[in-house]
1. For the chain, which whole percent of the accessible surface, found with a 1.4 angstrom probe, sits on carbon and sulfur atoms?
2. What residues from the stretch 172-193 fall in the zone where the backbone N is under 20 Å from a label point 7 Å along the Cα-to-C-beta line of ALA141?
3. What is the magnitude of the charge dipole of the chain about its Cα centre, with +1 placed on the Cβ of each Lys and Arg, -1 on the Cβ of each Asp and Glu, and no other charges, expressed in debye to the nearest 20?
4. Any idea of ASP444's accessible area? Nearest 10 Å², probe 1.4 Å.
5. Could you tell me, in Å, what Rg and Dmax come out for the Cα atoms of the stretch 437-555?
6. Evaluate the distance, in nm, between pseudo-label points positioned 7 Å from the Cα of HIS190 and of THR152 along their respective Cα→Cβ axes.
7. Which length gain, in nm to one decimal place, applies between ASN302 and ILE117 when the Cα-Cα distance is subtracted from 0.36 nm times their residue separation?
8. Whole angstrom only: what separates the Cα centroid of the stretch 312-378 from the Cα centroid of the stretch 249-288?
Amino acid sequence: MNHGSAPETVADAVGRALVELGVHAVFGVVGSGNYTLVNAMRRHGAEFTAARHEGGAATMADAYSRVSGTVAVVSTHQGCGLTNALTGIAEAAKSRTPMLVLTADTGRSAVLSNFRIDQDALSESVGAVAERVHSTESAIADTARAYRRALTERRTVVLFVPIDLQTQSLPTGRSAIAAVGAVQRVRPAHQAVQALTTAIEAAQRPVFLAGRGARAAGPEVLALAEAAGALTATSAAAHGLFQRDPFCLGISGGFSSEFTAQRIREADLIVAFGCALNMWTMRHGSLIGPGAQVVQVDVEQNALGAHRPIHLGVLGDAAETAAAAREALQHRGPAEMKQRSPTMLQQIAQHARKNSESFVDLTSSDGIDPRLLSIAVDQALPAQRVVSIDSGNFMGYPAAYLEVPDEHGFCMTQTFQSIGLGLYTAIGAAKASPSRVSVLGTGDGGFLMSIAELETAVRADLPLLIIVYNDAAYGAEVHHFEGTDEELDIVRFPETDIAAIARGFGAEGLTVRTAGDLDAATTRIRAGITAPLVIDAKICSDGGSWWLAEAFAGH
(Lines give C-alpha, C1' and ligand atoms only; values in the text may rest on other atoms or scores of the structure.)
Protein backbone atom coordinates (compact mmCIF):
# COMPACT_ATOMS: atom_id res chain seq x y z
CA MET A 1 0.00 0.00 0.00
CA ASN A 2 1.44 3.39 -0.96
CA HIS A 3 1.32 6.20 1.61
CA GLY A 4 0.26 9.42 -0.07
CA SER A 5 2.10 9.97 -3.30
CA ALA A 6 5.24 8.12 -2.25
CA PRO A 7 6.46 5.82 -5.01
CA GLU A 8 6.25 2.07 -4.51
CA THR A 9 9.46 0.45 -3.30
CA VAL A 10 10.81 -2.87 -4.53
CA ALA A 11 9.99 -4.54 -1.19
CA ASP A 12 6.39 -3.33 -1.32
CA ALA A 13 6.04 -4.29 -4.97
CA VAL A 14 7.31 -7.82 -4.29
CA GLY A 15 4.93 -8.22 -1.34
CA ARG A 16 1.97 -6.86 -3.29
CA ALA A 17 2.74 -9.03 -6.29
CA LEU A 18 2.88 -12.24 -4.27
CA VAL A 19 -0.43 -11.54 -2.52
CA GLU A 20 -2.17 -10.55 -5.76
CA LEU A 21 -0.82 -13.69 -7.40
CA GLY A 22 -2.45 -15.85 -4.72
CA VAL A 23 -0.22 -16.15 -1.63
CA HIS A 24 -2.25 -16.06 1.58
CA ALA A 25 0.13 -17.48 4.21
CA VAL A 26 3.67 -16.51 5.18
CA PHE A 27 5.81 -18.25 7.79
CA GLY A 28 9.20 -17.12 8.95
CA VAL A 29 11.62 -15.49 11.32
CA VAL A 30 12.06 -11.78 10.69
CA GLY A 31 15.46 -10.10 10.65
CA SER A 32 16.74 -6.84 9.24
CA GLY A 33 17.09 -8.37 5.78
CA ASN A 34 13.49 -9.54 5.32
CA TYR A 35 11.64 -7.19 7.68
CA THR A 36 10.24 -4.90 4.98
CA LEU A 37 9.37 -7.83 2.71
CA VAL A 38 7.25 -9.55 5.36
CA ASN A 39 5.54 -6.33 6.41
CA ALA A 40 4.76 -5.57 2.77
CA MET A 41 2.99 -8.91 2.40
CA ARG A 42 1.09 -8.33 5.63
CA ARG A 43 -0.06 -4.87 4.51
CA HIS A 44 -1.45 -6.40 1.35
CA GLY A 45 -3.43 -9.07 3.21
CA ALA A 46 -1.21 -12.12 3.81
CA GLU A 47 -1.26 -13.77 7.25
CA PHE A 48 2.15 -14.05 8.89
CA THR A 49 3.05 -16.77 11.40
CA ALA A 50 6.17 -15.89 13.37
CA ALA A 51 8.11 -19.09 14.05
CA ARG A 52 10.92 -19.57 16.55
CA HIS A 53 13.36 -21.03 14.01
CA GLU A 54 13.65 -20.78 10.24
CA GLY A 55 13.81 -24.57 9.94
CA GLY A 56 10.41 -24.81 11.60
CA ALA A 57 9.00 -22.02 9.45
CA ALA A 58 10.10 -23.73 6.23
CA THR A 59 8.28 -26.96 7.02
CA MET A 60 5.21 -25.09 8.26
CA ALA A 61 5.01 -23.44 4.84
CA ASP A 62 5.63 -26.80 3.15
CA ALA A 63 2.77 -28.45 5.06
CA TYR A 64 0.46 -25.49 4.45
CA SER A 65 1.11 -25.74 0.71
CA ARG A 66 0.48 -29.50 0.66
CA VAL A 67 -2.75 -29.39 2.64
CA SER A 68 -4.23 -26.21 1.12
CA GLY A 69 -3.11 -26.78 -2.46
CA THR A 70 -1.83 -23.20 -2.66
CA VAL A 71 1.66 -21.69 -2.79
CA ALA A 72 2.80 -20.64 0.69
CA VAL A 73 5.83 -18.51 1.50
CA VAL A 74 8.61 -18.92 4.05
CA SER A 75 10.68 -15.79 4.59
CA THR A 76 14.21 -15.65 5.99
CA HIS A 77 17.07 -13.28 6.62
CA GLN A 78 20.00 -13.55 4.25
CA GLY A 79 22.90 -15.88 5.03
CA CYS A 80 22.32 -17.56 8.37
CA GLY A 81 18.53 -17.26 8.12
CA LEU A 82 18.59 -19.20 4.86
CA THR A 83 21.01 -21.84 6.15
CA ASN A 84 18.81 -22.37 9.22
CA ALA A 85 15.91 -23.18 6.91
CA LEU A 86 17.86 -25.50 4.65
CA THR A 87 16.58 -28.90 5.87
CA GLY A 88 12.98 -27.73 5.48
CA ILE A 89 13.75 -26.35 2.02
CA ALA A 90 15.39 -29.64 1.03
CA GLU A 91 12.33 -31.61 2.19
CA ALA A 92 9.99 -29.36 0.21
CA ALA A 93 12.21 -29.46 -2.88
CA LYS A 94 12.55 -33.25 -2.85
CA SER A 95 8.78 -33.55 -2.43
CA ARG A 96 8.15 -31.13 -5.32
CA THR A 97 6.10 -28.87 -3.06
CA PRO A 98 5.01 -25.66 -4.81
CA MET A 99 6.51 -23.27 -2.25
CA LEU A 100 8.30 -19.94 -2.34
CA VAL A 101 11.25 -19.04 -0.12
CA LEU A 102 11.37 -15.24 0.07
CA THR A 103 14.78 -14.26 1.37
CA ALA A 104 17.08 -11.30 1.38
CA ASP A 105 20.55 -11.31 -0.09
CA THR A 106 23.56 -9.12 0.56
CA GLY A 107 23.98 -6.04 -1.56
CA ARG A 108 26.09 -6.23 -4.66
CA SER A 109 28.84 -4.07 -3.17
CA ALA A 110 28.86 -5.79 0.25
CA VAL A 111 31.64 -8.18 -0.73
CA LEU A 112 33.01 -8.41 2.84
CA SER A 113 29.65 -8.91 4.59
CA ASN A 114 29.61 -11.74 7.12
CA PHE A 115 26.21 -12.69 5.68
CA ARG A 116 27.63 -13.21 2.20
CA ILE A 117 27.41 -16.78 0.89
CA ASP A 118 26.62 -18.27 -2.51
CA GLN A 119 22.87 -18.49 -1.91
CA ASP A 120 22.12 -19.58 -5.49
CA ALA A 121 24.43 -22.59 -5.25
CA LEU A 122 23.23 -23.38 -1.74
CA SER A 123 19.58 -23.48 -2.84
CA GLU A 124 20.24 -25.48 -5.97
CA SER A 125 22.33 -28.01 -4.04
CA VAL A 126 19.19 -29.26 -2.24
CA GLY A 127 17.02 -29.29 -5.37
CA ALA A 128 15.36 -25.88 -5.10
CA VAL A 129 15.18 -23.36 -7.94
CA ALA A 130 17.13 -20.11 -7.48
CA GLU A 131 15.44 -16.94 -8.72
CA ARG A 132 16.31 -13.29 -8.08
CA VAL A 133 14.91 -9.78 -8.22
CA HIS A 134 17.47 -8.17 -10.52
CA SER A 135 16.46 -4.51 -10.69
CA THR A 136 13.81 -1.93 -9.94
CA GLU A 137 12.58 -2.23 -13.53
CA SER A 138 12.20 -6.01 -13.39
CA ALA A 139 11.04 -6.46 -9.76
CA ILE A 140 7.43 -7.40 -10.49
CA ALA A 141 8.29 -9.55 -13.51
CA ASP A 142 10.98 -11.36 -11.50
CA THR A 143 8.53 -12.02 -8.67
CA ALA A 144 5.83 -13.26 -11.03
CA ARG A 145 8.32 -15.56 -12.76
CA ALA A 146 9.34 -17.12 -9.42
CA TYR A 147 5.72 -17.64 -8.40
CA ARG A 148 4.83 -19.08 -11.82
CA ARG A 149 7.65 -21.61 -11.63
CA ALA A 150 6.59 -22.72 -8.15
CA LEU A 151 2.96 -23.17 -9.24
CA THR A 152 3.23 -24.58 -12.73
CA GLU A 153 6.42 -26.62 -12.39
CA ARG A 154 5.60 -27.84 -8.85
CA ARG A 155 8.95 -26.63 -7.58
CA THR A 156 10.30 -25.05 -4.42
CA VAL A 157 11.66 -21.68 -5.55
CA VAL A 158 14.01 -19.43 -3.59
CA LEU A 159 13.53 -15.77 -4.50
CA PHE A 160 16.40 -13.49 -3.49
CA VAL A 161 15.76 -9.77 -2.97
CA PRO A 162 19.06 -7.95 -2.34
CA ILE A 163 18.82 -5.51 0.55
CA ASP A 164 20.24 -2.64 -1.47
CA LEU A 165 17.29 -3.00 -3.89
CA GLN A 166 14.48 -3.34 -1.36
CA THR A 167 14.16 0.36 -0.50
CA GLN A 168 14.60 1.64 -4.05
CA SER A 169 11.56 2.99 -5.87
CA LEU A 170 10.04 1.51 -8.97
CA PRO A 171 10.70 3.85 -11.89
CA THR A 172 7.14 3.90 -13.24
CA GLY A 173 5.16 3.83 -10.00
CA ARG A 174 2.58 1.17 -9.26
CA SER A 175 2.64 -1.50 -11.97
CA ALA A 176 -0.09 -3.99 -12.83
CA ILE A 177 0.50 -7.68 -12.16
CA ALA A 178 -0.60 -10.25 -14.71
CA ALA A 179 -2.36 -13.26 -13.24
CA VAL A 180 -0.82 -16.70 -13.56
CA GLY A 181 -3.26 -19.00 -15.32
CA ALA A 182 -4.37 -22.35 -13.98
CA VAL A 183 -2.09 -25.30 -14.68
CA GLN A 184 -3.32 -27.09 -17.80
CA ARG A 185 -3.68 -30.85 -17.68
CA VAL A 186 -1.64 -32.91 -20.09
CA ARG A 187 -3.81 -35.33 -22.06
CA PRO A 188 -2.13 -38.66 -22.87
CA ALA A 189 -1.52 -39.90 -26.39
CA HIS A 190 -4.31 -41.95 -27.98
CA GLN A 191 -2.02 -44.96 -28.47
CA ALA A 192 -1.03 -44.94 -24.79
CA VAL A 193 -4.67 -44.85 -23.68
CA GLN A 194 -5.49 -47.76 -25.97
CA ALA A 195 -2.58 -49.78 -24.57
CA LEU A 196 -3.70 -49.03 -21.01
CA THR A 197 -7.28 -49.98 -21.81
CA THR A 198 -6.17 -53.25 -23.38
CA ALA A 199 -4.13 -54.12 -20.28
CA ILE A 200 -7.12 -53.36 -18.03
CA GLU A 201 -9.44 -55.54 -20.12
CA ALA A 202 -7.00 -58.46 -20.00
CA ALA A 203 -6.50 -58.30 -16.23
CA GLN A 204 -8.57 -60.31 -13.77
CA ARG A 205 -7.09 -58.92 -10.55
CA PRO A 206 -6.30 -55.25 -11.25
CA VAL A 207 -5.19 -52.83 -8.51
CA PHE A 208 -5.03 -49.07 -9.06
CA LEU A 209 -2.46 -47.26 -6.97
CA ALA A 210 -2.51 -43.46 -6.55
CA GLY A 211 0.36 -41.31 -5.29
CA ARG A 212 0.95 -37.66 -4.52
CA GLY A 213 0.73 -36.78 -8.21
CA ALA A 214 -2.86 -38.06 -8.31
CA ARG A 215 -4.21 -36.26 -5.24
CA ALA A 216 -6.30 -34.01 -7.50
CA ALA A 217 -7.54 -36.94 -9.60
CA GLY A 218 -9.40 -39.02 -7.03
CA PRO A 219 -12.86 -38.96 -8.66
CA GLU A 220 -11.52 -39.81 -12.12
CA VAL A 221 -9.28 -42.66 -10.96
CA LEU A 222 -12.07 -44.08 -8.80
CA ALA A 223 -14.54 -43.94 -11.70
CA LEU A 224 -12.08 -45.89 -13.85
CA ALA A 225 -11.53 -48.41 -11.06
CA GLU A 226 -15.27 -48.98 -10.81
CA ALA A 227 -15.53 -49.48 -14.56
CA ALA A 228 -12.49 -51.78 -14.58
CA GLY A 229 -13.44 -53.84 -11.52
CA ALA A 230 -10.19 -52.79 -9.82
CA LEU A 231 -9.30 -52.38 -6.17
CA THR A 232 -7.75 -49.07 -5.11
CA ALA A 233 -4.84 -48.21 -2.83
CA THR A 234 -2.59 -45.22 -2.23
CA SER A 235 0.97 -44.40 -1.36
CA ALA A 236 1.44 -42.87 2.09
CA ALA A 237 1.60 -39.40 0.52
CA ALA A 238 -1.93 -39.79 -0.91
CA HIS A 239 -3.45 -41.46 2.16
CA GLY A 240 -7.18 -40.75 2.37
CA LEU A 241 -7.74 -40.17 -1.35
CA PHE A 242 -10.11 -43.16 -1.68
CA GLN A 243 -11.51 -43.01 1.83
CA ARG A 244 -15.09 -43.22 0.52
CA ASP A 245 -14.36 -46.21 -1.71
CA PRO A 246 -15.41 -49.45 0.06
CA PHE A 247 -12.98 -51.33 -2.18
CA CYS A 248 -9.97 -49.30 -1.06
CA LEU A 249 -7.17 -51.38 0.47
CA GLY A 250 -5.59 -48.41 2.24
CA ILE A 251 -1.89 -47.57 2.14
CA SER A 252 0.43 -49.66 -0.02
CA GLY A 253 3.87 -50.31 1.45
CA GLY A 254 5.35 -50.54 4.90
CA PHE A 255 2.18 -49.23 6.55
CA SER A 256 -0.05 -51.89 4.91
CA SER A 257 -1.96 -54.54 6.80
CA GLU A 258 -0.97 -58.08 5.84
CA PHE A 259 -4.30 -58.47 4.07
CA THR A 260 -3.65 -55.40 1.94
CA ALA A 261 -0.09 -56.46 1.13
CA GLN A 262 -1.28 -59.88 0.01
CA ARG A 263 -4.02 -58.47 -2.23
CA ILE A 264 -1.48 -56.23 -3.98
CA ARG A 265 0.95 -59.16 -4.40
CA GLU A 266 -1.84 -61.17 -6.05
CA ALA A 267 -2.63 -58.43 -8.58
CA ASP A 268 -2.01 -59.34 -12.22
CA LEU A 269 -2.08 -55.63 -13.15
CA ILE A 270 -0.88 -52.65 -11.11
CA VAL A 271 -1.64 -49.22 -12.55
CA ALA A 272 0.20 -46.44 -10.71
CA PHE A 273 -1.24 -42.92 -11.11
CA GLY A 274 1.19 -40.18 -10.09
CA CYS A 275 3.06 -42.65 -7.92
CA ALA A 276 6.83 -43.20 -7.95
CA LEU A 277 6.63 -46.95 -7.14
CA ASN A 278 9.64 -46.47 -4.86
CA MET A 279 11.00 -48.86 -2.24
CA TRP A 280 8.63 -47.56 0.44
CA THR A 281 5.41 -47.95 -1.55
CA MET A 282 6.31 -51.31 -3.09
CA ARG A 283 8.35 -52.77 -0.19
CA HIS A 284 11.50 -52.94 -2.31
CA GLY A 285 9.47 -54.52 -5.12
CA SER A 286 8.12 -57.39 -3.02
CA LEU A 287 4.52 -56.22 -3.54
CA ILE A 288 4.79 -56.85 -7.28
CA GLY A 289 3.91 -60.47 -7.85
CA PRO A 290 5.51 -62.71 -10.48
CA GLY A 291 3.91 -62.12 -13.84
CA ALA A 292 2.17 -58.90 -12.82
CA GLN A 293 1.95 -56.17 -15.46
CA VAL A 294 2.99 -52.72 -14.18
CA VAL A 295 1.72 -49.50 -15.77
CA GLN A 296 2.84 -46.07 -14.61
CA VAL A 297 1.07 -42.79 -15.39
CA ASP A 298 2.93 -39.53 -14.79
CA VAL A 299 3.22 -36.01 -16.17
CA GLU A 300 7.02 -36.26 -16.36
CA GLN A 301 8.79 -38.55 -18.80
CA ASN A 302 11.80 -39.10 -16.53
CA ALA A 303 9.55 -40.40 -13.75
CA LEU A 304 8.34 -43.34 -15.85
CA GLY A 305 10.26 -46.43 -14.81
CA ALA A 306 12.66 -44.43 -12.63
CA HIS A 307 12.43 -46.72 -9.60
CA ARG A 308 11.62 -50.09 -11.15
CA PRO A 309 10.92 -51.68 -14.53
CA ILE A 310 7.47 -51.08 -15.97
CA HIS A 311 5.63 -52.67 -18.86
CA LEU A 312 3.91 -49.48 -20.02
CA GLY A 313 4.55 -45.82 -19.31
CA VAL A 314 1.79 -43.29 -20.00
CA LEU A 315 2.83 -39.65 -20.19
CA GLY A 316 -0.17 -37.66 -19.05
CA ASP A 317 -2.11 -36.12 -16.21
CA ALA A 318 -3.65 -38.69 -13.86
CA ALA A 319 -7.19 -37.31 -14.14
CA GLU A 320 -7.04 -36.88 -17.92
CA THR A 321 -5.61 -40.37 -18.38
CA ALA A 322 -8.17 -42.02 -16.11
CA ALA A 323 -11.06 -40.20 -17.81
CA ALA A 324 -9.81 -41.12 -21.28
CA ALA A 325 -9.33 -44.77 -20.33
CA ARG A 326 -12.80 -44.95 -18.77
CA GLU A 327 -14.34 -43.51 -21.92
CA ALA A 328 -12.49 -46.08 -24.01
CA LEU A 329 -13.65 -48.91 -21.74
CA GLN A 330 -17.27 -47.77 -21.99
CA HIS A 331 -17.06 -47.98 -25.78
CA ARG A 332 -15.82 -51.56 -25.52
CA GLY A 333 -18.64 -52.87 -23.34
CA PRO A 334 -20.24 -52.87 -19.89
CA ALA A 335 -18.17 -52.75 -16.68
CA GLU A 336 -16.97 -56.03 -15.22
CA MET A 337 -17.08 -56.90 -11.52
CA LYS A 338 -13.66 -58.64 -11.32
CA GLN A 339 -12.18 -57.59 -7.95
CA ARG A 340 -15.29 -55.66 -6.82
CA SER A 341 -17.28 -58.62 -5.56
CA PRO A 342 -19.46 -58.88 -2.43
CA THR A 343 -16.96 -61.34 -0.94
CA MET A 344 -14.04 -58.94 -1.47
CA LEU A 345 -16.09 -56.10 -0.03
CA GLN A 346 -16.66 -58.05 3.17
CA GLN A 347 -13.01 -59.10 3.42
CA ILE A 348 -11.79 -55.52 2.99
CA ALA A 349 -14.16 -54.26 5.67
CA GLN A 350 -12.90 -56.92 8.09
CA HIS A 351 -9.17 -57.09 7.35
CA ALA A 352 -7.77 -54.17 5.30
CA ARG A 353 -6.92 -51.86 8.22
CA LYS A 354 -4.19 -52.45 10.78
CA ASN A 355 -6.81 -51.68 13.45
CA SER A 356 -8.52 -54.97 12.61
CA GLU A 357 -5.42 -57.16 13.15
CA SER A 358 -5.25 -59.06 16.42
CA PHE A 359 -2.24 -58.56 18.69
CA VAL A 360 -1.03 -59.48 22.15
CA ASP A 361 -1.37 -56.39 24.35
CA LEU A 362 2.05 -55.71 25.90
CA THR A 363 0.84 -52.97 28.24
CA SER A 364 2.29 -53.20 31.75
CA SER A 365 2.87 -50.88 34.70
CA ASP A 366 5.96 -49.60 32.85
CA GLY A 367 4.45 -48.67 29.50
CA ILE A 368 1.47 -48.66 27.15
CA ASP A 369 1.31 -50.79 24.01
CA PRO A 370 1.60 -48.33 21.07
CA ARG A 371 -1.02 -50.27 19.08
CA LEU A 372 -3.55 -50.06 21.92
CA LEU A 373 -2.72 -46.36 22.32
CA SER A 374 -3.20 -45.63 18.62
CA ILE A 375 -6.50 -47.48 18.32
CA ALA A 376 -7.91 -45.74 21.40
CA VAL A 377 -6.86 -42.29 20.20
CA ASP A 378 -8.32 -42.97 16.75
CA GLN A 379 -11.68 -43.85 18.29
CA ALA A 380 -11.66 -40.79 20.56
CA LEU A 381 -10.82 -38.21 17.90
CA PRO A 382 -13.45 -36.44 15.78
CA ALA A 383 -13.67 -37.56 12.16
CA GLN A 384 -12.66 -34.14 10.87
CA ARG A 385 -8.92 -34.24 11.50
CA VAL A 386 -5.62 -33.74 9.72
CA VAL A 387 -2.91 -36.18 10.80
CA SER A 388 0.80 -35.33 10.55
CA ILE A 389 3.66 -37.64 11.42
CA ASP A 390 7.31 -37.24 12.23
CA SER A 391 9.96 -39.81 11.34
CA GLY A 392 11.22 -42.58 13.59
CA ASN A 393 10.61 -46.05 14.93
CA PHE A 394 7.07 -45.13 16.00
CA MET A 395 5.76 -43.68 12.74
CA GLY A 396 3.90 -46.73 11.51
CA TYR A 397 1.43 -46.45 14.37
CA PRO A 398 -0.15 -43.06 13.62
CA ALA A 399 0.14 -43.64 9.87
CA ALA A 400 -1.54 -47.06 9.88
CA TYR A 401 -3.93 -46.76 12.81
CA LEU A 402 -5.29 -43.19 12.61
CA GLU A 403 -8.02 -42.85 9.99
CA VAL A 404 -8.26 -39.66 7.91
CA PRO A 405 -11.33 -38.19 6.21
CA ASP A 406 -9.78 -37.45 2.79
CA GLU A 407 -6.54 -36.68 0.95
CA HIS A 408 -6.31 -33.35 2.78
CA GLY A 409 -6.33 -35.15 6.12
CA PHE A 410 -2.81 -36.59 6.07
CA CYS A 411 0.52 -34.80 5.77
CA MET A 412 3.86 -36.59 5.86
CA THR A 413 6.97 -34.47 5.26
CA GLN A 414 9.35 -37.40 5.05
CA THR A 415 10.92 -37.46 1.59
CA PHE A 416 14.24 -36.26 3.05
CA GLN A 417 13.75 -38.66 6.00
CA SER A 418 14.68 -36.10 8.64
CA ILE A 419 13.35 -36.49 12.15
CA GLY A 420 12.12 -33.39 13.92
CA LEU A 421 9.85 -32.01 11.19
CA GLY A 422 6.59 -33.35 12.61
CA LEU A 423 5.66 -30.49 14.94
CA TYR A 424 6.34 -27.95 12.21
CA THR A 425 4.21 -30.00 9.83
CA ALA A 426 1.30 -30.17 12.25
CA ILE A 427 1.36 -26.40 12.77
CA GLY A 428 1.35 -25.71 9.03
CA ALA A 429 -1.45 -28.25 8.52
CA ALA A 430 -3.46 -26.67 11.34
CA LYS A 431 -3.12 -23.25 9.72
CA ALA A 432 -4.29 -24.68 6.39
CA SER A 433 -7.26 -26.56 7.94
CA PRO A 434 -8.59 -24.37 10.78
CA SER A 435 -11.88 -26.28 10.99
CA ARG A 436 -10.16 -29.59 11.72
CA VAL A 437 -8.28 -30.91 14.72
CA SER A 438 -4.59 -31.17 13.87
CA VAL A 439 -3.05 -34.41 15.16
CA LEU A 440 0.67 -35.11 15.39
CA GLY A 441 2.26 -38.50 15.91
CA THR A 442 5.88 -38.04 16.92
CA GLY A 443 8.70 -39.70 18.81
CA ASP A 444 10.41 -38.25 21.84
CA GLY A 445 13.59 -37.61 19.86
CA GLY A 446 11.93 -35.66 17.06
CA PHE A 447 9.63 -33.77 19.42
CA LEU A 448 12.44 -32.63 21.70
CA MET A 449 14.46 -31.62 18.65
CA SER A 450 11.68 -29.26 17.53
CA ILE A 451 10.05 -28.30 20.82
CA ALA A 452 10.72 -24.55 20.51
CA GLU A 453 7.82 -24.39 18.07
CA LEU A 454 5.41 -25.63 20.75
CA GLU A 455 5.40 -22.01 21.89
CA THR A 456 4.32 -21.02 18.37
CA ALA A 457 1.41 -23.46 18.53
CA VAL A 458 0.39 -22.16 21.97
CA ARG A 459 0.66 -18.53 20.87
CA ALA A 460 -1.51 -19.29 17.83
CA ASP A 461 -4.00 -21.17 20.03
CA LEU A 462 -4.18 -24.05 17.56
CA PRO A 463 -6.51 -27.05 18.01
CA LEU A 464 -3.56 -29.45 18.14
CA LEU A 465 -3.20 -32.89 19.69
CA ILE A 466 0.39 -34.11 20.01
CA ILE A 467 0.93 -37.80 20.73
CA VAL A 468 4.52 -38.46 21.75
CA TYR A 469 5.42 -42.15 21.38
CA ASN A 470 8.08 -41.93 24.07
CA ASP A 471 10.55 -44.83 24.26
CA ALA A 472 13.35 -42.66 25.75
CA ALA A 473 15.56 -43.43 22.76
CA TYR A 474 16.23 -42.99 19.11
CA GLY A 475 14.25 -46.17 18.66
CA ALA A 476 15.03 -46.78 15.00
CA GLU A 477 18.73 -47.02 15.77
CA VAL A 478 18.14 -49.15 18.87
CA HIS A 479 16.21 -51.75 16.92
CA HIS A 480 18.43 -51.60 13.85
CA PHE A 481 21.70 -52.10 15.75
CA GLU A 482 20.38 -54.34 18.52
CA GLY A 483 22.14 -57.70 18.37
CA THR A 484 25.26 -56.23 16.79
CA ASP A 485 28.55 -55.24 18.39
CA GLU A 486 27.60 -51.56 18.38
CA GLU A 487 27.10 -49.77 21.72
CA LEU A 488 23.50 -48.60 22.21
CA ASP A 489 23.97 -46.23 25.14
CA ILE A 490 24.52 -43.31 22.75
CA VAL A 491 20.92 -43.63 21.46
CA ARG A 492 19.22 -44.28 24.80
CA PHE A 493 18.32 -41.51 27.24
CA PRO A 494 17.00 -41.04 30.78
CA GLU A 495 13.24 -40.76 31.03
CA THR A 496 12.02 -37.24 30.29
CA ASP A 497 8.79 -35.75 31.65
CA ILE A 498 7.60 -34.33 28.35
CA ALA A 499 4.14 -33.52 29.76
CA ALA A 500 5.74 -31.23 32.33
CA ILE A 501 7.87 -29.55 29.67
CA ALA A 502 4.75 -29.00 27.56
CA ARG A 503 3.02 -27.34 30.49
CA GLY A 504 6.02 -25.06 30.82
CA PHE A 505 5.36 -23.88 27.26
CA GLY A 506 1.74 -23.13 28.14
CA ALA A 507 0.24 -26.27 26.61
CA GLU A 508 -1.83 -28.87 28.42
CA GLY A 509 0.20 -31.99 29.21
CA LEU A 510 -0.87 -35.52 30.15
CA THR A 511 1.17 -38.66 30.81
CA VAL A 512 -0.02 -42.08 29.65
CA ARG A 513 1.74 -45.17 30.99
CA THR A 514 -1.07 -47.57 31.92
CA ALA A 515 -4.49 -48.57 30.59
CA GLY A 516 -6.07 -46.35 33.25
CA ASP A 517 -4.03 -43.38 32.08
CA LEU A 518 -5.17 -44.10 28.53
CA ASP A 519 -8.83 -44.09 29.56
CA ALA A 520 -8.35 -40.68 31.19
CA ALA A 521 -6.58 -39.33 28.10
CA THR A 522 -9.26 -40.50 25.66
CA THR A 523 -11.95 -38.99 27.89
CA ARG A 524 -10.06 -35.71 27.70
CA ILE A 525 -9.78 -35.97 23.88
CA ARG A 526 -13.51 -36.59 23.55
CA ALA A 527 -14.14 -33.40 25.52
CA GLY A 528 -12.70 -31.47 22.58
CA ILE A 529 -9.34 -30.13 21.41
CA THR A 530 -9.34 -26.35 21.13
CA ALA A 531 -5.71 -25.62 22.12
CA PRO A 532 -2.46 -27.60 22.15
CA LEU A 533 -2.63 -30.82 24.19
CA VAL A 534 0.48 -32.98 24.54
CA ILE A 535 0.15 -36.66 25.51
CA ASP A 536 3.45 -38.06 26.74
CA ALA A 537 2.89 -41.77 26.07
CA LYS A 538 5.48 -43.98 27.73
CA ILE A 539 5.35 -46.87 25.28
CA CYS A 540 6.57 -50.40 25.71
CA SER A 541 8.68 -52.05 23.04
CA ASP A 542 7.10 -54.35 20.49
CA GLY A 543 10.52 -55.51 19.35
CA GLY A 544 10.84 -52.94 16.57
CA SER A 545 8.21 -51.69 14.18
CA TRP A 546 7.19 -53.99 11.33
CA TRP A 547 7.64 -51.23 8.77
CA LEU A 548 11.14 -50.41 10.00
CA ALA A 549 12.50 -53.89 9.38
CA GLU A 550 11.27 -53.67 5.79
CA ALA A 551 12.68 -50.18 5.36
CA PHE A 552 16.14 -51.26 6.49
CA ALA A 553 15.97 -54.44 4.39
CA GLY A 554 17.20 -52.52 1.37
CA HIS A 555 20.07 -50.77 3.16
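1. 52
2. 172-181
3. 1620
4. 10
5. In Å, with Rg to one decimal and Dmax whole: 15.7, 48.
6. Label at HIS190, label at THR152, 2.8 nm between them.
7. Difference between extended and current length: 63.4 nm.
8. If you average the Cα positions of each part, the centres end up 10 Å apart.
The values are calculated or read from the model by the stated rules, or taken from the named source; none is laboratory data. Values in this document were obtained by computation on a predicted structure and should not be read as measured data. For neighbour counting, all protein chains shown are included, and Cβ atoms are generated from backbone atoms with ideal geometry for every residue, glycine included. Note: accessible area is taken over every heavy atom of the protein model, side chains too, but ligands, DNA and RNA are not part of it. Shrake-Rupley method; radii C 1.70, N 1.55, O 1.52, S 1.80 Å.
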